[in-house]
Amino acid sequence: MNILQVNSSARVEGSHSSRLASSIVERLRATNPQAALTVRDLARTPHPVLDESGLAALFTPADQRTPEQAARVAQDDALIAEIQAADVVVLGVPMYNFGVSAQLKNWIDAISRAQVTFSYSDKGPEGLLKGKKVYVALTRGGKYRNTPSDSQVPYLKTVLAFLGMSDVQFVYAEGLAMGAAAEQTALESAQTQIDEALPLPA
Ligand SMILES: Cc1cc2nc3c(=O)[nH]c(=O)nc-3n(C[C@H](O)[C@H](O)[C@H](O)COP(=O)(O)O)c2cc1C
């Protein structure tokens, strides 16, 4: 089994979402000790934004790309290869200004490639990243679960399903900015959600 962990906090140190993602991975490895783990830490290794030169690189045929364009596409290729190889994907996802971090959006833009991770036919879109289980550890300063202000969960469900990944389980740590007691309660609750989702072998 191949596990891909994607940390999308801007913080290398002290990130609750990265720590919860690691906790999910720990539980997965408890039941699958042979599992291989790839960690893509987007704070440690920021991925470039999809800007005009990035788009131009992607839309230039491979044999006509400049060395710079080839290198830019290769950066996205590396992320695509990681997710293609993964059986289980674990995302650490902080809420930033009611959305996902720019780091996560850059990763999503990188892995979403026509004819590679999704395709269109007369039947509509088809996701090509199939057969994967996804866990998402969400961290928020406030509390937005099941409210219209939670744009993260509908967005992630939509884009992951578009790419073929519809088996997605969310773990919530909410109220992290609401005082020390609320923070502790939120982190304990998130750990309980993880423990229940991934029971240890008897
Ligand atoms: C730039 C920034 C924007 C944030 N925006 C929100 C927000 O819109 N709603 C919210 O509930 N918390 C917000 N927070 C709080 C974070 O979601 C919270 O601190 C979370 O733990 C960050 O994830 P991390 O610990 O993995 O870095 C924000 C934090 C930062 C740094």
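No lab work stands behind these numbers, since they all come straight from the coordinates. Computed from a predicted structure; not experimentally measured. Cβ placement follows ideal geometry from the backbone for every residue including glycine, while neighbour counts extend to all protein chains displayed.
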query: How far, in nm, would the chain grow between Phe59 and Thr45 when pulled straight, counting 0.36 nm per residue and subtracting the alpha carbon separation?
result: 2.6 nm
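At R0 = 22 Å, how high is the FRET efficiency between Ala180 and Arg11 if r is their beta carbon distance? Nearest 0.05 is fine.
Values: r = 19 Å, r/R0 = 0.85.
So, using R0 = 22 Å, E works out to roughly 0.70.
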message: Under a Cβ-only charge scheme (Lys and Arg +1, Asp and Glu -1), can you give me the dipole magnitude of the chain about the Cα centre, in debye to the nearest 20?
response: 220 debye
- prompt: Expressed in nm to one decimal, what extension gain is obtained for the pair Ala36 and Leu200 from 0.36 nm per residue of sequence separation less their Cα-Cα distance?
  reply: 57.2 nm
- request: Go ahead and estimate [θ] at 222 nm for the chain from helices alone: -39,500 (n - 2.57) per DSSP H run with n ≥ 4, summed, over the residue count, rounded to 500.
  value: -13000 deg cm²/dmol
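Could you list Met1, Met165 in order of exposure, starting from the residue whose Cβ has the fewest other Cβ atoms within 10 Å? Could you put the intermediate results ahead of the total?
Values: Met1 14, Met165 22.
Exposure proxy ranking, most exposed first: Met1, Met165.
With both partners inside the chain, how many of the DSSP beta bridges are antiparallel, as a percent to the nearest 5? Could the numbers behind the result be given before it?
Working: 5 of 31 bridges.
If I count the DSSP bridges inside the chain, around 15 percent turn out antiparallel.
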message: In the stretch 112-151, if the dipole is taken from +1 on Lys/Arg beta carbons and -1 on Asp/Glu beta carbons about the Cα centre, which of Val116, Gly142, Leu128 is farthest to the positive end?
response: Gly142
field: Which of Ala182, Leu200, Leu79, positive extreme of dipole for the stretch 69-202 (C-beta unit charges)
entry: Leu79
message: Using only the alpha-carbon atoms, how far is helix 152-162 inclined from the longest principal axis of the chain? Give it as 0 to 90 degrees, nearest 10.
response: 40 degrees
query: Going 7 Å from the Cα of Phe98 toward and past its Cβ, which residues in the stretch 139-164 have a backbone nitrogen under 16 Å from where you end up?
result: 141-156
D_trans [Stokes-Einstein, Kirkwood Rh over alpha-carbon pairs] for the stretch 1-107, 20 °C, 1.002 mPa s, µm² s⁻¹: 142 µm²/s
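FRET efficiency for Glu68 and Val116, Cβ-Cβ distance as r, R0 = 25 Å, nearest 0.05?
Working: r = 21 Å, r/R0 = 0.85.
Result of the calculation: an efficiency of 0.75.
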query: Classify the stretch 115-202: rounded, prolate or oblate, from the alpha-carbon gyration tensor (a ≥ b ≥ c, eigenvalue square roots; a/c under 1.5 rounded; otherwise prolate if a/b is larger than b/c)?
result: oblate
field: q = 0.09, 0.11, 0.17, 0.19 Å⁻¹: log10 I(q)/I(0) that the Debye formula gives for the chain, counting C-alpha atoms only
entry: -0.36, -0.53, -1.19, -1.41
- prompt: Considering the dipole of the chain built from charges on the beta carbon (Lys and Arg +1, Asp and Glu -1) around the Cα centre, which of Ala173, Leu55, Ala43 is farthest to its positive end?
  reply: Ala173
task: Could you tell me what percent of the DSSP beta bridges with both partners in the stretch 52-165 are antiparallel, to the nearest 5?
output: 40 percent
